[in-house]
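The values are calculated or read from the model by the stated rules, or taken from the named source; none is laboratory data. Only a predicted model underlies this, so the values are computations on that prediction, with no experimental measurement involved. All Cβ positions, even for glycine, are placed from backbone atoms using ideal geometry, and neighbour counts span all protein chains on display. These accessible areas exclude ligands, DNA and RNA; they are computed on the full protein's heavy atoms, side chains included. Shrake-Rupley method; radii C 1.70, N 1.55, O 1.52, S 1.80 Å.
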Amino acid sequence: LPLIALYIFAIWGMVLNAIPDIRSISSQFDELRLLSAVSTFATILFLVVQIVLFVVRVLPLERAAGFLPRAAAIIGANLQIAFVLLPRAEHGVTVRVASLLLIIVGTAASVYVVSCLGRSFSILPQARSLRFSGPYRIIRHPLYLAEQIATLGCMFQFVAPWSVIFAAASFAAQFPRMHFEEAVLKTTFPAYRDYARHTARLIPGIY
């Protein structure tokens, strides 16, 4: 419930911030504002899908105990929201376009991965059911990779060094998050061990 409330608040804020861009596009076409509106829509869609899955997902069979697994998951999944506390950075067109494209690609990929997870979706390290289809045929944590691509795009829109620190902290939190999640899945589903031996965590051939 706290996460649902947080996501609804974030959606409301993004809708209010997107209104000037939409009005500008309707009066005079602007490619950058169009990209900004698309990235905002993709982020809102991702949050809406998560809210729906929070409600309809099945109960977990097992979950990681203790504070650290929960902290790593919350930081890794939601620290990006802290970007809104920072002032916007002034960059050239190239950096702004690259930033928006990273957000769009990362968020669109996140929506796709979450749709593959369906009712097995979780932010905290919990075991509901196994998914071996879609991007999970190649890597074990495609959602975390997609989220970090979007986070990298967000990082360029806000002033450094705090934006870099937030992005780095979010990325660093993914490693213990993956460890705790895999430990729960291996305990609950013996087939996960064999699956883990034949797939990469994030990047095939590297990690």
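Table for the structure above
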{"quantity": "Residue that is most open to solvent (accessible area, probe 1.4 Å), among those in segment 93-119 that are in contact (Cβ under 8 Å) with a residue 60 or more places away in the chain and more than 16 Å from the chain's Cα centre (by Cα)", "calculated": "Arg119"}
{"quantity": "Lone unmet requirement of (1) closer than 16 Å to Leu68 by Cα; (2) open to solvent by less than 50 Å² (accessible area, probe 1.4 Å) for Ala172", "calculated": "(2)"}
{"quantity": "Odd one out for Ile123, checked against (1) touching a residue at least 60 places away in the same chain (Cβ under 8 Å); (2) within 25 Å of Ile4 (Cβ to Cβ); (3) surrounded by 21 or more Cβ atoms within 10 Å (Cβ to Cβ)", "calculated": "(3)"}
{"quantity": "Within segment 188-207, considering residues that are surrounded by 14 or more Cβ atoms within 10 Å (Cβ to Cβ) and touching a residue at least 60 places away in the same chain (Cβ under 8 Å), the one nearest to Ser110 (Cα to Cα)", "calculated": "Leu202"}
{"quantity": "Some residue of segment 71-86 being open to solvent by less than 80 Å² (accessible area, probe 1.4 Å), part of a loop (DSSP other than H, G, I, E, B) and closer than 20 Å to Thr151 by Cβ", "calculated": "yes"}
{"quantity": "Of all residues making up segment 78-114, the number that are among the acidic types (Asp, Glu) and either in contact with a helix residue (DSSP H, G or I) (Cβ under 6 Å, 6 or more places away or on another chain) or at pLDDT 90 or above (or both)", "calculated": "0"}
{"quantity": "Meets criteria (open to solvent by 30 Å² or more (accessible area, probe 1.4 Å) and without any contact (Cβ under 8 Å) to a residue 12 or more places away in the chain) for Glu90", "calculated": "yes"}
{"quantity": "All positions within segment 53-64 that are open to solvent by 90 Å² or more (accessible area, probe 1.4 Å) and not β-branched (Val, Ile, Thr)", "calculated": "Leu59, Leu61, Arg63"}
